[in-house]
1. By accessible area of protein heavy atoms, probe 1.4 Å, what ranking do Glu294, Glu1, Glu327 get, highest first?
2. Could you list which residues have their amide H under 5 Å from that of Gln80, counting only those 5 or more apart in sequence or on another chain, with H placed in the peptide plane?
3. Quick check: the angle from helix 309-321's long axis to the longest principal axis of the chain, C-alpha only, nearest 10 degrees?
4. For the chain, report the accessible area per residue in Å² (1.4 Å probe, heavy atoms, rounded to an integer).
5. Protein chains only, probe 1.4 Å: how do Arg96, Arg34 rank by accessible area, largest first?
6. Roughly how many percent of the accessible protein surface of the chain is carbon and sulfur, given a 1.4 Å probe and a whole-percent answer?
7. How would Ile243, Ile77 rank on accessible area, largest to smallest, probe 1.4 Å?
8. Give me the lysines in straight-line cross-link reach of Lys74: C-alpha distance below 21 Å, same-chain residues under 8 apart excluded.
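The values are calculated or read from the model by the stated rules, or taken from the named source; none is laboratory data. Being a predicted model, the structure only gives us computed values, none of them experimental. Here Cβ is always computed from backbone atoms with ideal geometry, including for glycine, and neighbour counts include all displayed protein chains. Please note that ligands, DNA and RNA were not included when accessible areas were found on the heavy atoms of the full protein model with its side chains. Shrake-Rupley method; radii C 1.70, N 1.55, O 1.52, S 1.80 Å.
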Amino acid sequence: EQAHAVDITSRYFKENAQNKTGKTPHFLWNAKMRFGKTFTAYKLAEKMGWKKVLILTFKPAVENAWQEDLENHKDFIDWQFIHKDGLSYDLADKNRPIVWFASFQDVLGKSPSGGIKAHNEDMHTTNWDCVILDEYHFGAWRENAKDLFDNGEIDEDEYDEIKKSGQDYYDEDLMPITTSAYLYLSGTPFRAMGSGEFLEDQIFSWTYSDEQRAKEAWGDKPNNPYLELPQMVLMTYQMPDEIRKVALKGEFNEFDLNEFFATDEKGDFIHEEEIKKFLHALTTQEKYPFSTPELRRELSHTMWYLNRVASVRALKKLLEADEVFGEYEVVAAVG
């Protein structure tokens with residue numbers, strides 16, 4: 001699947017090159033976590049013969065992965081990794097391939113005089129072979145949101161402010177960077193795909209379902225590369241009527257977990273009674289995941305995600321007060 005991604009992407013970039021179409025080609029990899037997007041992106045660069053690659057990300061913490069995949073692999077022995085606290089562009093050997101890693105927070109930030117930061121000036125004067133936008137699902141770039149990108153990684157509330165700006169895609173006009181190609185990487189690019197930003201021939205997908213099918217299709221042949229992957233089971237549940245009524249109050253008659261677990265100014269759940277009924281359903285209704293002692297033993301450790309710190313803390317209180325969930329140790333992994 002990594003080789004396939006390289007093949008179809010390189011073919012697209014060559015067939016839709018700027019000198020043929022007058023437009024910079026864009027391509028999206030919708031690939032699940034642990035697909036190997038960093039290594040595969042480097043293999044694409046190798047196949048395309050790119051010598052200057054710029055990687056921009058909303059999550060600076062992924063820098064180590066990009067650096068290690070480049071410097072620890074024999075295929076890229078001559079390549080140089082440029083980053084804020086390491087080798088600088090002006091000291092790099094321009095006759096050897098270059099990968100420059102930077103965060104959007106740093107690139108969109110301004111110098112004290114209001115201009116481009118000095119250490120990023122070469123980035124804007126270089127004509128890049130490709131700009132790779134990593135963790136693209138975090139991207140939302142708009143003039144009135146730029147100030148959010150100045151101070152390291154953003155938190156959930158800041159990200160919500162960006163989403164309210166109404167634009168949830170990368171805007172080239174905000175980034176005066178020239179390149180011959182754009183490659184977007186994400187494990188969850190649903191908003192970008194749903195908006196029609198990418199056409200069908202501009203997307204490579206490798207999902208959990210694809211991986212499970214590949215594992216099964218390998219059959220009895222030796223050396224199954226998917227063998228260590230656990231079986232994945234997806235379940236859907238009918239929400240109890242009293243909980244569905246909360247959804248019916250909304251504009252689109254849909255059940256929105258973020259709305260369901262919303263809190264007020266005091267940090268209490270707005271729909272607290274309905275949430276209590278929801279927890280009760282999880283532990284009592286047939287085939288629900290915590291409905292029997294046997295199922296609860298199978299689910300002795302679970303991770304629950306909410307989109308607000310206040311919601312996490314409010315849910316912790318309800319869980320600890322619940323007849324069944326109160327038997328668990330509840331850890332609020334926030335703050």
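1. Result, largest first: Glu327, Glu294, Glu1.
2. For Gln80, whose amide H was placed from the backbone, the distant partners under 5 Å are Ile98, Val99.
3. 30
4. That works out to 59 Å² per residue.
5. Arg34, Arg96
6. Carbon and sulfur together cover 49 percent of it.
7. Ile77, Ile243
8. Lys37, Lys43, Lys47, Lys51, Lys52, Lys94
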